[in-house]
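The values are calculated or read from the model by the stated rules, or taken from the named source; none is laboratory data. In this text the structure is predicted, and so the values were computed from the model without any measurement. So basically every Cβ, Gly included, is an ideal-geometry build from the backbone, and we count neighbours across all protein chains shown.
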Amino acid sequence: MSLLLKTNNLLLRPIRDADIIHVFNGLSHPDVIRYYGVSFFSLEETKVQMEWFAAIEKEQTGRWWAICDHQDEHFYGAIGLNDIHPKHHRAEIGYWLLPEYWGKGYVPEAAEGVCRYGFMEMQLHRIYAYVEPENLGSTKVLQKLQFDYEGTLKECELKNGKWIDLEIYSLLNTATTI
């Protein structure tokens, strides 16, 4: 199980089976899934996502946390590291919030905590993110966290029957040694 991570205002805790309704509410919401690669149309379908969270944790290829209020654990969204490559000391960061919590600084705060954990505890050297160019909110988060824009992958994914570009951003841990 993932560890608890605490920031000034947030508690990042392991995603629980009971969170399925929150995950469904997020990953079925049109504003959340507009730029997200996963979406569900029923609670039953969302079980696939819950199984994925458990599988990547077990396989040690990823870790995801629920973003919660630090006092009452009210669920705001989710954040995690995917495609963890221990040999290369890298991982991809991903996140989403329920729309009623947008604009409150929760994602940058949670992402800073996850990056700190990735660099200090997991000894990652590189954390990267893929972002659709139109997703200005996510781009602003990454810029605030001092991720560097590395370039655009042209027409690299098929989404809703159309080819889309993805921008790639990264943050390097210059304190790691090999």
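Residues are listed down the side, and each one gets a yes or a no for (1) in contact with a helix residue (DSSP H, G or I) (Cβ under 8 Å, 6 or more places away or on another chain); (2) in contact (Cβ under 8 Å) with a residue 12 or more places away in the chain; (3) under 23 Å from Gly77 (Cβ atoms); (4) outside any loop (DSSP other than H, G, I, E, B):
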position: Val114; (1), (2), (3), (4): no, yes, yes, yes
position: Tyr117; (1), (2), (3), (4): no, yes, yes, yes
position: Leu124; (1), (2), (3), (4): yes, yes, yes, no
position: Ala129; (1), (2), (3), (4): yes, yes, yes, yes
position: Gly151; (1), (2), (3), (4): no, yes, no, yes
position: Glu155; (1), (2), (3), (4): no, no, no, yes
position: Glu167; (1), (2), (3), (4): yes, yes, yes, yes
position: Ser170; (1), (2), (3), (4): no, yes, yes, yes
* Pick from region 95-112 the residues that are more than 16 Å from Asp31 (Cα to Cα) and outside any helix (DSSP H, G or I): which of them is nearest to the chain's Cα centre (by Cα)? -> Gly105
* Asked: So, in region 84-94, of the ones that are out of contact with any Gly (no Cβ under 7 Å at 6 or more places or on another chain) and free of Cβ contacts under 8 Å to residues at least 60 places away in the same chain, which residue ends up nearest to Leu10 (Cα to Cα)?
  -> Ile93
* Which residues, counting only those in region 15-26, are more than 17 Å from Ile93 (Cβ to Cβ) and not basic (Lys, Arg)? -> Asp17, Ala18, Asp19, Ile20, Ile21, His22, Val23, Phe24, Asn25
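Of the residues Lys154, Lys104, Lys159, which is out of contact with any strand residue (DSSP E or B) (no Cβ under 9 Å at 6 or more places or on another chain), basic (Lys, Arg) and more than 19 Å from Ile15 (Cβ to Cβ)?
Within the list Lys154, Lys104, Lys159, the selection yields Lys159.
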* Structure fact -> Counted residues in region 1-52 being small (Gly, Ala, Ser), surrounded by 17 or more Cβ atoms within 10 Å (Cβ to Cβ) and at pLDDT 95 or above come to 1
